Amino acid sequence: MMIDDGLLDSRLADAFARLPDYLGSHVLVSLIALALGLGISLPLAIASARRPVLRAVLLGIASVVQTIPGLALLALFYPLLLALSALSERIVGNGFSALGFLPSVLALALYSMLPVLRNTVTGLNGLDQRLRDAARVIGMTPGQSLREIELPLALPVIMAGIRTSAVWVIGTATLATPIGQTSLGNYIFTGLQTQNWVFVAFGCVAAAVLALAVDQLLALMQVGITHGSRYARRAWRTRHRRGDAGSAGAWPDAAASRLHNRRQDLHRAIRAGGAD
């Protein structure tokens with residue numbers, strides 16, 4: 001069925017009038033859910049990178065969550081939060097809403113965890129062991145090695161997981177409308193109920209454009225972070241090579257000379273291993 005130009009224009013005008021409210025709510029719930037997911041999954045991934053049992057458990061749980069349809073996962077939080085709200089009201093006298101923002105954030109945060117967990121573990125475990133050996137020989141603690149060498153080297157892989165999570169969260173957030181959270185999904189569900197196909201198309205396009213825009217922004221951040229970490233690694237290696245050369249004459253004893261030679265061998269191993 002054709003839509004006359006006047007009706008099309010009025011529906012488009014209505015869609016654009018609702019855009020600030022729908023888009024703002026969609027971005028807010030997506031950002032908070034992604035931040036919560038990152039705050040949980042990054043420390044867990046770092047802690048489990050060298051613990052095979054913990055890693056398998058975490059990835060297994062995250063994979064199971066990912067198999068649950070988005071709308072079902074959002075709906076599952078309603079009875080759970082409803083029970084917690086009743087318990088809170090009984091204990092402290094105040095409950096909270098089991099619909100809308102809170103279940104949306106919690107469900108989307110769970111949805112965002114798998115790519116970050118998997119990519120962080122892959123990035124850290126894919127590093128050359130000689131890099132860790134070099135850090136240990138020059139006196140770095142495991143925490144310093146993680147912060148100054150391992151995470152910067154793994155950051156491009158981690159950022160790829162964050163980009164995937166962001167796109168998933170933005171897309172799934174459109175399904176939060178049936179549980180009371182305003183989002184770009186309001187266009188789609190309202191359009192389906194009223195057979196307003198302009199709204200349906202507008203909502204789909206708006207969500208896709210938002211996901212692509214966020215993905216490209218994170219891609220630019222990834223490029224900048226990658227170049228910055230490469231520069232930092234070159235400066236780190238240059239500083240320690242100069243330190244080796246300057247201190248060689250001040251080490252007259254044989255033990256110090258052997259340590260100096262071993263450090264130089266490890267620096268050459270880093271360069272040969274393609275740390276850049």
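The values are calculated or read from the model by the stated rules, or taken from the named source; none is laboratory data. Because the structure is a prediction, the values reported are computed rather than measured. For neighbour counting, all protein chains shown are included, and Cβ atoms are generated from backbone atoms with ideal geometry for every residue, glycine included. The accessibility values were calculated without ligands, DNA or RNA, using every heavy atom of the protein model including side chains. Shrake-Rupley method; radii C 1.70, N 1.55, O 1.52, S 1.80 Å.
Which FRET efficiency, nearest 0.05, do Leu31 and Arg130 yield, Cβ-Cβ r, R0 35 Å?
Rounded to the nearest 0.05, the efficiency is 0.35.
At what distance in angstrom do the alpha carbon centres of the stretch 93-138 and the stretch 14-63 lie from each other?
The stretch 93-138 and the stretch 14-63 have Cα centres separated by 8 Å.
Over the stretch 93-214, average the accessible area per residue using a 1.4 Å probe and give it in Å², no decimals.
Roughly 40 Å² per residue, with all protein chains present.
Residue by residue through the stretch 116-131, what is 3J(HN,Hα) from phi via Karplus (6.51 cos²θ - 1.76 cosθ + 1.60, θ = phi - 60°)? Round to whole Hz and write x for glycine and proline.
In residue order, the calculated couplings are 5, 4, 5, 6, 5, 4, 4, x, 6, 6, x, 6, 5, 4, 4, 5 Hz.
Under a 1.4 angstrom probe, counting protein chains only, how are Phe77, Phe16, Phe199, Phe96 ranked by accessible area, largest first?
Phe16, Phe96, Phe77, Phe199
If you take the beta carbon distance between Arg50 and Ala201 as r and set R0 to 51 Å, what does 1/(1 + (r/R0)^6) give as a FRET efficiency, to the nearest 0.05?
About 0.55, to the nearest 0.05.
In terms of solvent-accessible area of protein heavy atoms at a 1.4 angstrom probe, what is the ranking of Leu44, Leu184, Leu80, highest value first?
Output order, biggest surface exposure first: Leu80, Leu44, Leu184.
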